[in-house]
Amino acid sequence: MDNLHLSRLQKNVIFGVFIFFTLLVFYAIFNISETSGKYNLTVTVIPSDATITINGIRSSSVASLYPGVYSVTVTRDGFTTDTQAVDLSHNLTISSYLAPVSDVAKKWAQGNASAYPEDFDYTTGQQPILAQLPDSNLIYSISADSSATSENPPRITIDSLPGYYNAPIDRIRSMGFDPENYVYTFKFGNPFK
């Protein structure tokens, strides 16, 4: 008969486990309701200690936001300032590479040159791919969007016949650039015009 009765310690353990799981369920419900309908905007910055503001409010490098248009500004003393308009409709990662302006910033950039992507000239803030575009042949044309800035990877527009998108991507790779570093707009058009 004594085996059917729970000791005070056993009752406390069962009560504690019940409270833990109850709190866990409430936390999960709260977390799901807080993040539903939101997307993550990830901002990759160089230098990594630059200040990020979204619509004028200081932010971390990852922000959970509702869909919409946001103004993302990245600043650091001695470096250029970068502002981008972002239309957030899905999880998105943007990059902001600040070029040095002051002597101290230039010295920092020289010592941290490996932090910058290969296809970004930190001394001038230029994307070398911009000097090689537009590029075209009988199958495709590749151009940089007019909204490209010197601090950010340009949006590459590829105008090609359907089924021939590998050729322009291979061309970008053959120029010495990593195609994964760019955002693309694909168009179906006549490359002969």
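Here, each number is a calculation from the coordinates, and none is a lab measurement. These numbers come from a predicted model, not from an experiment. For neighbour counting, all protein chains shown are included, and Cβ atoms are generated from backbone atoms with ideal geometry for every residue, glycine included.
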Can you give the extra length, in nm with one decimal, that the chain gains between Val69 and Lys38 once fully stretched, where that is 0.36 nm per residue apart less the Cα-Cα distance? 9.9 nm
Sorted by mean Cβ packing within 10 Å, highest first, what order do the peptides 19-26, 97-104 take? 97-104, 19-26
Taking amide H positions as placed 1.01 Å from N in the peptide plane, with prolines and chain starts having none, which residues 5 or more places from Leu98, or on another chain, fall under 5 Å of its amide H? Ile46
Relative exposure of Ile94, Ile156, judged by other C-beta atoms within 10 Å (fewest first): Ile94, Ile156
